[in-house]
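Taking it in order: structure first as structure tokens, then the write-up.
Values quoted throughout were computed directly from the atomic coordinates according to the rules given, and no laboratory measurement underlies them. Since the model is a prediction, treat every value here as computed from it, not as a measurement. A quick note on method: Cβ atoms are made from the backbone with ideal geometry, for glycine too, and the neighbour counts reach across all protein chains shown.
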Number of protein chains: 4
Amino acid sequence: MSDIKIAVLGVGIMGADHVARITSRISGAAVVVVNDYLAEKAETIAAGIPDCRAVGDPLDAIADAQVDAVVIASPGPSHEKQLLACLEHGKPVLCEKPLTTDAETSLAVVKREAELGNRLIQVGFMRRFDREYAQLKSMLDAGEFGRPLVLHCVHRNPAVPPTFDSAMVVRDSLVHEVDVTRFLFDEEITSIQIIRPATNPGAPEGIQDPQIAIMRTASGKHIDVELFVTTGVAYEVRTELVGEKGSAFIGLDVGLVRKTATGMWGGQITPGFRERFGQAYDTEFQRWVDAVHAGATTGDYTDGPVAWDGYAAAAVCEAGVRSLNSGEPVDVRMVARESIKGA
Amino acid sequence: MSDIKIAVLGVGIMGADHVARITSRISGAAVVVVNDYLAEKAETIAAGIPDCRAVGDPLDAIADAQVDAVVIASPGPSHEKQLLACLEHGKPVLCEKPLTTDAETSLAVVKREAELGNRLIQVGFMRRFDREYAQLKSMLDAGEFGRPLVLHCVHRNPAVPPTFDSAMVVRDSLVHEVDVTRFLFDEEITSIQIIRPATNPGAPEGIQDPQIAIMRTASGKHIDVELFVTTGVAYEVRTELVGEKGSAFIGLDVGLVRKTATGMWGGQITPGFRERFGQAYDTEFQRWVDAVHAGATTGDYTDGPVAWDGYAAAAVCEAGVRSLNSGEPVDVRMVARESIKGA
Amino acid sequence: MSDIKIAVLGVGIMGADHVARITSRISGAAVVVVNDYLAEKAETIAAGIPDCRAVGDPLDAIADAQVDAVVIASPGPSHEKQLLACLEHGKPVLCEKPLTTDAETSLAVVKREAELGNRLIQVGFMRRFDREYAQLKSMLDAGEFGRPLVLHCVHRNPAVPPTFDSAMVVRDSLVHEVDVTRFLFDEEITSIQIIRPATNPGAPEGIQDPQIAIMRTASGKHIDVELFVTTGVAYEVRTELVGEKGSAFIGLDVGLVRKTATGMWGGQITPGFRERFGQAYDTEFQRWVDAVHAGATTGDYTDGPVAWDGYAAAAVCEAGVRSLNSGEPVDVRMVARESIKGA
Amino acid sequence: MSDIKIAVLGVGIMGADHVARITSRISGAAVVVVNDYLAEKAETIAAGIPDCRAVGDPLDAIADAQVDAVVIASPGPSHEKQLLACLEHGKPVLCEKPLTTDAETSLAVVKREAELGNRLIQVGFMRRFDREYAQLKSMLDAGEFGRPLVLHCVHRNPAVPPTFDSAMVVRDSLVHEVDVTRFLFDEEITSIQIIRPATNPGAPEGIQDPQIAIMRTASGKHIDVELFVTTGVAYEVRTELVGEKGSAFIGLDVGLVRKTATGMWGGQITPGFRERFGQAYDTEFQRWVDAVHAGATTGDYTDGPVAWDGYAAAAVCEAGVRSLNSGEPVDVRMVARESIKGA
């Protein structure tokens, strides 16, 4: 199974992250084309990746016969044209939010994809892939909270760029809670109100911050969202679901916390070593593979515990087993590391 | 940069996990050879991977000219011979713990590698790559706890196979805390005592469980470890470091928790979206790439939010911006999804 | 300093609690008169307290020359007349909320007290005396959050009596958050909106539950309150204050938790034994005093560890000091308890 | 029921705390006699309490016909003589730990009390009255953890007086865990070992700190205690009980936290307003009673929300009920506070 060949359109902060992601952290894909309206930035990034070219026109990148699929991380106003081109060329596309900058053009894209008949577009609402949101959704669907009633959300950024304005709080921040609501509840939002409290003295002139969004779904569920993008503190994204049979928090920095009808608050204990150390194994292997790639020049093919560490562990465990049998403290016997040149 | 070609020796539970890891979750490597003493198991696994063969003799696998590097997940008694073969062929090797089954043969392996002059062996102490252990080590090295004094560890499994015996608690469980101690403190353990409390009534006949290990390092640091492999509860691996200037817990299922001289307990707030949602982005991309691979037959190239979800978000945000300006609740206007065939 | 002699008006659940509180848990006061519209209930309670009488008319109780002060725990509609009588007789009064049942009569009470010139009335908003609310107020006043901006509250009851109606959610539940807001912010609330989400299927017919209250203060601070009185779970009263320089939660069942600009979440470590065990000492002494009262008939004047427990501790500590000196395990030597008749 | 008249022997830090406790926080007792080897200190304290005298000789205080019961908070070496005198006079006595300074004299006291036939002595192991320890004991006795197996304890002080020595760590700190062990497990401790790790560089010259105590009970239960009295951090007293069916932590500053066989960690949600706000009501009443005592001179008989606060709440709730009915935001109407002189 050969790698999927991807063109990444837009290699600003987000796009460059995605290039690194495809190249160094996930399996089965390779970036073969990058494009940016700053041609030099695209050239630099392409130069760092084997078999990757910079292409000057995003539509050429999409049309390129070598390209199997497209990632759009360009500015929002470019999305519509790029998405339509992907549809015409039958290329699967992962498009950073927003789909397009307004509802009308978004609808046009939806309709064109439907006409052509293949589901080619995925929108980058990444929270659906976050462990905690996925866990909450799965518990909700399993009926663990009964009927959901209310959703309280908090979305706080420590700071925003000087170009940020009040409407961007809605379009760029709230948009995630809009999708979270629709994802969790599987229904549409029918009304929205933005409340403007007294403003944070530390916010830039002219920006309304914080804002409180009040939303309601078709079936009458209530959602409130505190949006606060100049907290000076940290990045806090929190969601509390309140249902007929209990509630759950995610985003408290302590995993999913739940309140149940048995009168207990708390979360799940890690059930086994895969859940506890799965990430550690993945990281261990990725870093070992990277070290092996690098090892030809250094003669050191590891990025972790070496043979000596294995020997030391064996010596301690041997003494431990003797103590298990005798009940007495046992001294550990090891040769001096310095006695072995190169150990 | 072409993939590193790996032979995996031993494809039991652990080895099969590693095969899946290399094949589907990390970048830059491919499994080209698998071996197991159960030939059929190796055949089955090889059949599921493009360009992968089963090889009957592990030493042939190591010697195979196509193989760049080796993962050893075979039973402990096979390790010594396989490691030495890797050294002779100059193949980098990631070896699951234990290095070998006793200190004497481990030392022989250390010496042979040192003689040959290249660091080829990495031992599978994966906790060093766990986010919490790495964070603790980094805080410790930065002097945030002053001089470390005491380490309290808990290592609990819900259950063990019927073949487990008291010495395996030391060799297979405690060995991880042995390495954690050496990793955190950068010094050797000089004595060990195993205390045998009254046994868990639920433990299998003849097994001493729980056990308490008391260890001491060269500089006099104290380490205690509760080893308890038949708790019936869950998998709990916990470490508390006590230093001159404060203490920290990992493994409480709530991230690293710290007690500081400012009189506060707690942990770190996620500083930004990369730390909070980095895993979500990786998962999103891995699953999208997998969906694109699968899409040719289904016409559906996504595993996440589709164009309609982008349109719905745009419609809500548009209404939100109107409410931001007017201060009034605004109804969201959308076409009916059913009106667009295929949306 | 002799005890203050108190009349308690209304000895339903709340009033009876207050009688027990004054009689058995606090210092410096005694209940000498109780009154209830159910005369028999008052008689029963009076009979259980030394030197306490039941009185049939609450106004007689207030006027009683032996009564120094009054606690009003009668139904809301009786409050106005009883409060005015207390004012006329110059008796200090602690009145359960509500002050009276509407703003107009409350204002009349305020005016009458002001005319008479002595501050005699205290309203039973007990949250101001809760450790967590007091701590939050004190941190806020010390400027630890900068200017406060937003308050998120949750007020959940597992169930309410069948007579509860939608307006009582506002008058009996929300009233506490109204006072909390005014207490924390030291300013008045200028507008309020009650949002009616889809109703909990488990709520009694006709009751709107949950309700969401949106309030705004004179300076523009935003407060939202989820009111949910049929959760079936437990009693959850939670408040999150969001300020210019950080935020804090109370009511998470884990003490006050704070998020600070240093990027840490967490709470205070108990600074010393008084804070950690002050309640234990109070309880120890209250129960010992109660046991001494009871001891004349039983010959057992303790409700806690006895002399034997002191002996056993001394024996273990002696062995401990020997081990401290020798470094070896030391057996504890004690006589058999059975050898001492009556120990 | 008249107050029990108490003599307090020793009014240093601890004894003075107990005097305040009896006088101002608990019901049913009064301090009538105080004694201290510093006569002046006793005089000063007596002067602050109505109907209380200082007495120069502790044995006179015990013998005093007006004294019903005795609290011993004098230095340990005085305890034996004072306890025996209490026994001879048949006076109930609450004696701060230690009972006496060694096992031999403690045993003599136990025997004398047993001979005389009345249980008069209670030892001041106050942790048995701490809410968390009591909760743990009660869960344990209810079988919620199955058979208890292991107890891990931590006992940390930020600092100790310069006179503190290594043996006092055992006698004054560890003694509490000795009693906790006996309290929780209802059995005697049969052996003890003190481990001496490398010492905290911040500890005073000559003091062994930290120390690790390893204890074993008659039935083989294992207890370990980290004793560390110069942490510089805070006061941390923590106990983890590990049983056959789960484990629980107390002293994490977040209430009792439990790990259960359902795979959940967490604690109890407050079941109702009594549990959540019981302390607040007690404090409210104690402070109101104190304010009423003080009010005669100031004309202000409250220490909390006044009538105006009741009026303001009524005005907001009235507006809330109107909004509940209309669904619209409603402005709150109130008179200006300044318009009412004295409100």
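Quick notes on this structure:
- Scanning the range D:25-70 for residues that are touching a helix residue (DSSP H, G or I) at 6+ places or on another chain (Cβ under 6 Å) and of a type in the set (Asp, Glu) gives a single hit, D:ASP36.
- Here C:CYS86 meets each of (1) over 19 Å from C:ILE22 (Cα atoms); (2) in contact with a strand residue (DSSP E or B) (Cβ under 8 Å, 6 or more places away or on another chain); (3) facing another protein chain (nearest Cβ under 9 Å) with one exception, condition (3).
- D:ALA218 vs. criteria more than 8 Å from chain B (Cβ to nearest Cβ) and touching a Leu at 6+ places or on another chain (Cβ under 6 Å): no
- Number of residues in the range B:2-41 that are among the β-branched types (Val, Ile, Thr) and over 22 Å from B:GLN286 (Cβ atoms) equals 4.
- Matching residues in the range B:252-294 - criterion: being out of contact with any Asp or Glu (no Cβ under 7 Å at 6 or more places or on another chain), small (Gly, Ala, Ser) and surrounded by 20 or more Cβ atoms within 10 Å (Cβ to Cβ): B:GLY266
- Residues of the range A:65-78 classified as in contact with a Lys or Arg (Cβ under 9 Å, 6 or more places away or on another chain) and surrounded by 12 or more Cβ atoms within 10 Å (Cβ to Cβ), total: 5
- Residue match in the range B:119-127 (condition: surrounded by fewer than 22 Cβ atoms within 10 Å (Cβ to Cβ), under 24 Å from the mean Cα position of the chain (by Cα), in a strand (DSSP E or B) and among the charged types (D, E, K, R)): yes
- Some residue of the range B:194-213 being within 19 Å of B:ALA103 (Cβ to Cβ) and within 13 Å of chain D (Cβ to nearest Cβ): yes
- Single unsatisfied condition, C:ARG238 versus (1) surrounded by 23 or more Cβ atoms within 10 Å (Cβ to Cβ); (2) outside any loop (DSSP other than H, G, I, E, B): (1)
- Flag if A:ARG238 is closer than 17 Å to B:ASP130 by Cβ and of a type in the set (D, E, K, R): no
- Among residues of the range C:260-289 that are closer than 14 Å to D:ASP253 by Cα, those with a Cβ under 8 angstrom from a residue that is surrounded by 20 or more Cβ atoms within 10 Å (Cβ to Cβ) and of a type in the set (Lys, Arg), sequence gap 6+ or separate chain, pair up as C:TRP265/C:ARG258; C:TRP265/C:LYS259; C:GLY266/B:ARG258; C:GLY266/C:ARG258; C:GLY267/C:ARG258; C:ILE269/B:LYS259; C:THR270/C:ARG276; C:PHE277/D:ARG127.
- The selection criterion, being surrounded by fewer than 23 Cβ atoms within 10 Å (Cβ to Cβ) and in contact with a Ser or Thr (Cβ under 9 Å, 6 or more places away or on another chain), holds for D:ARG182.
- Selection from the range A:16-29 of residues that are within 10 Å of B:VAL289 (Cβ to Cβ) and either hydrophobic (A, V, I, L, M, F, W, C) or touching a Lys or Arg at 6+ places or on another chain (Cβ under 9 Å) (or both): A:ILE22, A:ILE26, A:SER27, A:ALA29
- Condition check for D:VAL154: buried (at least 21 other Cβ atoms within 10 Å of the Cβ), closer than 20 Å to C:GLY304 by Cβ and either within 22 Å of the chain's Cα centre (by Cα) or within 7 Å of another protein chain (Cβ to nearest Cβ) (or both): no
- Count of residues meeting criterion [at negative phi and in contact (Cβ under 8 Å) with a residue 60 or more places away in the chain] in the range B:128-150: 12
- The single condition from (1) away from every other protein chain (no Cβ under 14 Å); (2) among the charged types (D, E, K, R); (3) more than 25 Å from B:GLY299 (Cβ to Cβ) that A:ASP51 fails is (1).
- A residue that is in a helix (DSSP H, G or I) and surrounded by 18 or more Cβ atoms within 10 Å (Cβ to Cβ) cannot be found anywhere in the range D:88-101.
- Hits in the range D:108-117 (condition: surrounded by fewer than 21 Cβ atoms within 10 Å (Cβ to Cβ) and part of a helix (DSSP H, G or I)): D:ALA108, D:LYS111, D:ARG112, D:ALA114, D:GLU115, D:LEU116
- Exactly one residue among A:ARG337, A:ARG322 is touching a strand residue (DSSP E or B) at 6+ places or on another chain (Cβ under 8 Å), among the basic types (Lys, Arg) and surrounded by fewer than 24 Cβ atoms within 10 Å (Cβ to Cβ), and that residue is A:ARG322.
- A:THR105 vs. criteria farther than 26 Å from A:ILE212 by Cα, surrounded by fewer than 21 Cβ atoms within 10 Å (Cβ to Cβ) and at the interface with chain B (Cβ under 9 Å from one of its Cβ atoms): yes
- The residue pairs whose first member lies in the range C:151-165 and is under 30 Å from C:SER219 (Cα atoms), whose second member is small (Gly, Ala, Ser) and part of a loop (DSSP other than H, G, I, E, B), and whose beta carbons are closer than 9 Å, counting only pairs six or more residues apart or on different chains, are C:CYS153/C:GLY251; C:VAL154/C:GLY251; C:ARG156/C:ALA234.
- Hits in the range B:163-181 (condition: more than 18 Å from the chain's Cα centre (by Cα) and at the interface with chain A (Cβ under 7 Å from one of its Cβ atoms)): B:SER166, B:ALA167, B:VAL170, B:ARG171
- Pairs where the first residue, in the range B:211-227, is without any contact (Cβ under 8 Å) to a residue 60 or more places away in the chain and the second is small (Gly, Ala, Ser), C-beta under 8 Å, 6+ apart: B:GLN211/B:SER166; B:ALA213/A:GLY320; B:MET215/B:SER191; B:ARG216/B:SER191; B:SER219/D:ALA198; B:GLY220/D:ALA198
- Counting the residues of the range C:185-196 that are surrounded by fewer than 24 Cβ atoms within 10 Å (Cβ to Cβ) and either in contact (Cβ under 8 Å) with a residue 60 or more places away in the chain or under 22 Å from A:ILE223 (Cβ atoms) (or both) gives 4.
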